[in-house]
Amino acid sequence: KASVHRICAGQVILDLSSAVKELVENSLDAGATSIEISLRDYGKDSFQVIDNGSGISPINFSLLALKHHTSKLADFPDLQSLTTFGFRGEALSSLCALGDLTVETRTRNEAVATHLTYDRSGLLVAEKKTARQIGTTVTVKNLFSNLPVRSKEFSRNIRKEYGKLISLLNAYALTAKGVRLVCTNTTGRNVKSVVLKTQGSDSLKDNIVTLFGLSTFNCLEPLELCISDGCQVGGFLSKSGQGNGRSMGDRQFFFVNGRPVDMPKVTKLVNELYRGANSQQHPIAILNFTVPTGACDVNVTPDKRKVFFSDECSILQVLREGLQQIYSSSNA
Ligand code: ADP
Ligand code: MG
């Protein structure tokens with residue numbers, strides 16, 4: 001049974017970035033306005049997400065890391081109208097199965113915080129009082145240490161995993177309005193460096209400037225398209241002919257109702273229609289699709305990175321026309 005649990009857990013938590021993603025989304029769900037991601041050795045030794053959200057109430061301490069425990073579903077009449085990131089109660093239980101999980105948390109009803117330790121099956125095995133502001137810190141050490149093959153893979157690819165994580169954090173930094181994000185990495189010799197830091201502005205423009213600089217922002221063109229009733233796409237794209245030959249494929253971020261998602265078809269379309277200085281070049285693209293909650297399904301894969309639109313054809317068609325307009329007129 002433990003091994004089955006481990007296999008399922010391995011499907012929710014694929015790698016470092018999907019692990020951290022779950023923790024960041026929990027912090028956002030808890031209403032945090034400040035989130036710090038603290039890595040040790042690029043996340044290989046440990047990673048920690050520290051937030052100033054609501055905290056976890058003591059009645060949930062023993063349930064927290066059990067499979068399918070969630071405090072979120074009860075608040076929603078049906079799955080279609082979900083607005084929180086999580087609802088399946090799989091993240092913490094999966095992380096427990098794959099690493100050493102500890103939680104420090106305090107709600108506004110508690111005078112002191114509690115430090116909680118869980119075992120690999122999700123059972124609460126130790127509990128002690130500690131000092132902390134209101135909010136939650138989740139720490140995971142030795143991710144994948146009990147899956148020898150993946151663990152080896154993880155160590156070998158750590159720089160790549162780390163790169164993917166930073167890109168994901170950039171996505172949240174762009175989209176999480178009013179949330180300060182900081183990411184630090186501490187290497188073997190206890191040298192701590194800040195790898196990402198935003199002030200949590202409400203405007204996408206400000207967040208782009210903070211993350212990528214004003215000169216980059218000045219190379220972008222705004223895009224606003226109405227697809228249908230209640231359905232639109234907005235954001236920024238490289239102007240045509242920009243980029244000095246550098247490909248910006250690592251600066252493409254797509255969101256559905258503010259959630260970072262993978263959109264291979266949109267990626268392909270944007271790259272195809274973009275007119276750079278050469279055909280190998282990819283544009284910067286930061287696009288948010290606003291759709292009615294019933295019109296898309298983000299729960300297709302366990303990591304919730306893929307989306308299904310009920311009306312994908314017209315979304316792609318309107319986007320195609322919009323992009324053609326930008327990239328043909330200014331380049332003619
Ligand atoms: P889900 O997010 O799908 O509910 P998780 O396994 O990610 O499931 O989390 C389990 C529960 O733990 C959540 O429902 C929530 O009650 C609590 N929780 C986890 N992280 C936090 C956090 N940072 N702040 C407040 N509560 C949290
Ligand atoms: Mg969650």
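The values are calculated or read from the model by the stated rules, or taken from the named source; none is laboratory data. Quick caveat, the model's predicted, so the values are computed rather than measured. Positions of Cβ are generated from backbone atoms using ideal geometry, with glycine treated the same way; all protein chains shown enter the neighbour counts.
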Every residue from the range 146-159 that is in a helix (DSSP H, G or I) and surrounded by 14 or more Cβ atoms within 10 Å (Cβ to Cβ): Arg150, Ser151, Glu153, Phe154, Ile158
Of all residues making up the range 41-54, the number that are within 15 Å of ligand 2 (Cβ to nearest atom), over 18 Å from Ser94 (Cα atoms) and crowded, with 20+ Cβ neighbours inside 10 Å: 2
In the range 31-65, the residues that are in a loop (DSSP other than H, G, I, E, B) and more than 9 Å from ligand 1 (Cβ to nearest atom): Thr33, Lys44, Asp45, Asn52, Phe61, Ser62
Count of the range 146-173 residues which are over 24 Å from the mean Cα position of the chain (by Cα) and either under 22 Å from Val195 (Cβ atoms) or small (Gly, Ala, Ser) (or both): 0
Any pair with Cβ under 7 angstrom, 6 or more apart, that starts in the range 156-179 at a residue that is under 15 Å from Phe254 (Cα atoms) and ends at one that is assigned to a helix (DSSP H, G or I) and of a type in the set (A, V, I, L, M, F, W, C): Asn170/Leu211; Tyr172/Val24; Ala173/Leu211; Leu174/Leu204; Leu174/Ile208; Leu174/Leu211; Ala176/Leu28
Test: residue in the range 242-260 that is within 14 Å of Phe289 (Cα to Cα) and either of a type in the set (Ser, Thr, Tyr) or part of a helix (DSSP H, G or I) (or both): no
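Yes/no per residue for (1) of a type in the set (S, T, N, Q); (2) over 22 Å from the mean Cα position of the chain (by Cα); (3) part of a strand (DSSP E or B); (4) modelled with pLDDT of 95 or more:
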{"position": "Asn109", "(1), (2), (3), (4)": "yes, yes, no, yes"}
{"position": "Thr114", "(1), (2), (3), (4)": "yes, yes, yes, yes"}
{"position": "Lys128", "(1), (2), (3), (4)": "no, yes, yes, yes"}
{"position": "Thr136", "(1), (2), (3), (4)": "yes, no, yes, yes"}
{"position": "Phe144", "(1), (2), (3), (4)": "no, no, no, no"}
{"position": "Arg189", "(1), (2), (3), (4)": "no, yes, no, no"}
Lone unmet requirement of (1) under 18 Å from the mean Cα position of the chain (by Cα); (2) more than 9 Å from ligand 1 (Cβ to nearest atom); (3) modelled with pLDDT under 95 for Leu95: (2)
